[in-house]
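Undergrad: Below is one structure. I have some questions about it.
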Amino acid sequence: MKKALLVKVNGEKLIVYPKLKKGFEYAELRDFVGGIIQIVPLGKGRELVCHDEGKLIGLPKNEVATKIWQEAYPIDEYPDNNDELIVGDILITGRNLEELLY
């Protein structure tokens, strides 16, 4: 992972880069999401990195990240997966991140 899109709970979106050019280390990912990480596929060559226990500890809903998730998994194609609620600050890694900035 050479860069990632940070999507904060307040709706702010920023491209972030790893401290080391070779990619993000676990500690960096953990710092961005605030705890233990979970990485899930998002489609289009992207992955979503979030706090693994975010819902359990009551992190606030991330409206922007939830919308991105629902666009990746449309309800008509994924009826059992589209109701997912994304919480806390998250990272998106992979291809064409700039198109998610707008």
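The values are calculated or read from the model by the stated rules, or taken from the named source; none is laboratory data. No experiment lies behind these values; they were computed from the predicted model shown. No Cβ is skipped: glycine too gets one built from the backbone with ideal geometry, and neighbour counts run over all protein chains shown.
Undergrad: Could you say whether any residue in segment 68-82 is outside any loop (DSSP other than H, G, I, E, B), over 18 Å from LYS2 (Cβ atoms), modelled with pLDDT under 90 and touching a strand residue (DSSP E or B) at 6+ places or on another chain (Cβ under 6 Å)?
TA: Checking segment 68-82: at least one residue is outside any loop (DSSP other than H, G, I, E, B), over 18 Å from LYS2 (Cβ atoms), modelled with pLDDT under 90 and touching a strand residue (DSSP E or B) at 6+ places or on another chain (Cβ under 6 Å).
Undergrad: Could you grab me the full set of residues in segment 1-24 that are assigned to a strand (DSSP E or B), touching a residue at least 24 places away in the same chain (Cβ under 8 Å) and either aromatic (Phe, Trp, Tyr) or over 13 Å from VAL49 (Cβ atoms) (or both)?
TA: Within segment 1-24, LYS13, ILE15 qualify.
Undergrad: Pairs needed: first member in segment 31-51, over 22 Å from LYS19 (Cβ atoms); second member anywhere, among the hydrophobic types (A, V, I, L, M, F, W, C) and in a strand (DSSP E or B); C-beta distance under 9 Å; at least 6 residues apart or different chains.
TA: VAL40/LEU48; VAL40/VAL49; VAL40/CYS50; PRO41/LEU48; LEU42/LEU48; LEU42/ILE92
Undergrad: Shifting gears a bit: Take ILE36 and decide whether it is touching a strand residue (DSSP E or B) at 6+ places or on another chain (Cβ under 9 Å), at pLDDT 95 or above and surrounded by 15 or more Cβ atoms within 10 Å (Cβ to Cβ).
TA: no
Undergrad: Which of the residues belonging to segment 45-67 are surrounded by fewer than 20 Cβ atoms within 10 Å (Cβ to Cβ), under 11 Å from the mean Cα position of the chain (by Cα) and of a type in the set (A, V, I, L, M, F, W, C)?
TA: VAL64
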